[in-house]
1. Out of everything in the stretch 1-36 that is in a helix (DSSP H, G or I) and farther than 17 Å from Lys350 by Cα, what residue ends up being most open to solvent (accessible area, probe 1.4 Å)?
2. Taking Ser54 as the residue in question, decide whether it is free of Cβ contacts under 8 Å to residues at least 24 places away in the same chain, more than 24 Å from the chain's Cα centre (by Cα) and either surrounded by fewer than 19 Cβ atoms within 10 Å (Cβ to Cβ) or under 30 Å from Val303 (Cα atoms) (or both).
3. Just checking, does the stretch 140-150 include any residue being open to solvent by 30 Å² or more (accessible area, probe 1.4 Å), in contact with a Leu (Cβ under 8 Å, 6 or more places away or on another chain), small (Gly, Ala, Ser) and touching a residue at least 40 places away in the same chain (Cβ under 8 Å)?
4. Taking the stretch 284-334 only, how many residues are part of a helix (DSSP H, G or I) and not polar (S, T, N, Q)?
5. Among the candidates Pro384, Pro338, which residue alone is at negative phi and assigned to a loop (DSSP other than H, G, I, E, B)?
6. Any chance the stretch 97-105 includes a residue that's open to solvent by 20 Å² or more (accessible area, probe 1.4 Å), on the phi < 0 side of the Ramachandran plot, among the small types (Gly, Ala, Ser) and within 16 Å of the ligand (Cβ to nearest atom)?
7. Under 7 Å by Cβ, and 6 or more places apart or on different chains, what pairs join a residue from the stretch 95-116 that is of a type in the set (Asp, Glu) with one that is more than 8 Å from the ligand (Cβ to nearest atom) and open to solvent by 10 Å² or more (accessible area, probe 1.4 Å)?
8. Name the residues in the stretch 151-160 that are buried (at least 16 other Cβ atoms within 10 Å of the Cβ) and either under 20 Å from Ala116 (Cα atoms) or out of contact with any helix residue (DSSP H, G or I) (no Cβ under 9 Å at 6 or more places or on another chain) (or both), would you?
Amino acid sequence: MYNQKAYALGSVRSYIREVFEYGRQQAKLVGEENVYDYSLGNPSIPAPEQVNESLHRILNTVSSIKVHGYTSGPGDDGIREAVAANLTERFGKEIKPANLFFTCGAAPALMSALTALACPGSEVIAIAPYFPEYKPFTESAGSKFVSVMAREPDFQLDLDALAAAVNEHTQAVIINSPNNPSGAVFSAETLAALAALLTERSEKYGHPIYIIADEPYRELVYDGVEVPFIPNIYKDTIVCYSWSKSLSLPGERIGYVLVADDVTDSKAVFAAVAGAARSMGHVCAPSLIQRAVAECCAIMPDVEAYDVNRNLLYNGLTAAGYECVRPQGAFYLFVKAPGGDALAFAEKAKLKNLLIVPSDGFGMPGWFRLSYCVSKEMIERSLPVFAELVG
Ligand code: PLP
């Protein structure tokens, strides 16, 4: 016997993984330059040089016992201090070291926050299109997953739809901005309207409705767009962050959960986050990389290469007749599938070694996602294939 729920999660087909593996096989047959793989969100900009310098310095100067040893569960005290000071300075809100719980990336940060908030009968709302993992994370944590569509064509929040979905069971709303897969950045105005709605409903139902702000793409923005710091707009916000995308460190597994002091039941929620992490086997985030991000947390990524790709792909596809959401952040382009059946279109594209991700898993059928964290040359080579397909 084994756990049937775990089996179902582990054996389910992942289109993204399958298409990525298919691409690797095809590359052996037709040559890498003839495969156009837009499937994975793996950063293509190398980590800033300072990160590697910092890692070397730490390895050369800090005792091996310390560098490779356990830190305390929420993270090393000095490291939490450094990151808290950086956040306080950047966002003009006092963040204390005790507000930060370091995790192995944004995914476990989300899982810890969702588990910390799950109560009998609780519901969690996500805005579609959404990061596909939200559904299994929410359900594994013990809440009901509720999807609310974003507003077309700008993919901002649909406040009317949200007002209809929030009820006495709603425990949290997940906000992911910059958004995977749409590239939208939710405006301060939209977030203020959401905050007003949640404040009113929290009072009405007699319990706080939290925002879980999932922000691994916070620093990846274009055209000077600002990403509002949601705890400044709505106090009952729990931030889940990682350096996976901003410093191109997805394999290093480093991020945090932030529960500021003014969050309702802040200390209890923080303890529940710690307990949730413990229940999932968390001991501490990797010690070496904790030290490196403490030294490098003020570094802003150079998004120039992503920006070039964004414009090339957006302009190329719209010129070819595709309908696309112009991304303001992250490194994804969300495109309407010609003919309306995204899976059928993706299969057609696959025959030409163009690997794209149909949007069904993002909770919004009829579109596909392109991860443009790829080489500019690959985009240039792929544009004629896109044109052929839409023709
Ligand atoms: N949230 C979103 C929206 C993501 O796109 C990702 C990864 O792609 C994650 C969370 C997980 O990030 P991490 O690699 O830091 O766990």
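1. In this case the residue turns out to be Lys5.
2. So Ser54 fails the test.
3. For the stretch 140-150, residues open to solvent by 30 Å² or more (accessible area, probe 1.4 Å), in contact with a Leu (Cβ under 8 Å, 6 or more places away or on another chain), small (Gly, Ala, Ser) and touching a residue at least 40 places away in the same chain (Cβ under 8 Å): present.
4. To start, the set of residues in the stretch 284-334 that are part of a helix (DSSP H, G or I) comprises 287-296, 304-320.
Those still in the list that are not polar (S, T, N, Q) too: 288-289, 291-296, 304-308, 310, 312-314, 316-317, 319-320.
Going through the stretch 284-334 one residue at a time, the tally reaches 21.
5. Of the residues listed, the single one that is at negative phi and assigned to a loop (DSSP other than H, G, I, E, B) is Pro338.
6. no
7. Sorted first by the residue in the stretch 95-116, then by its partner, the list stays empty.
8. The answer is Phe155, Asp158.
The values are calculated or read from the model by the stated rules, or taken from the named source; none is laboratory data. Bear in mind the structure is a predicted one, so any value in this text is a computation, not a measurement. FYI the Cβ positions are ideal-geometry reconstructions off the backbone, even for glycines, and counts take in every protein chain you see. For the accessible areas, the whole protein counts, side chains as well, though only heavy atoms, and no ligand, DNA or RNA atoms are used. Shrake-Rupley method; radii C 1.70, N 1.55, O 1.52, S 1.80 Å.
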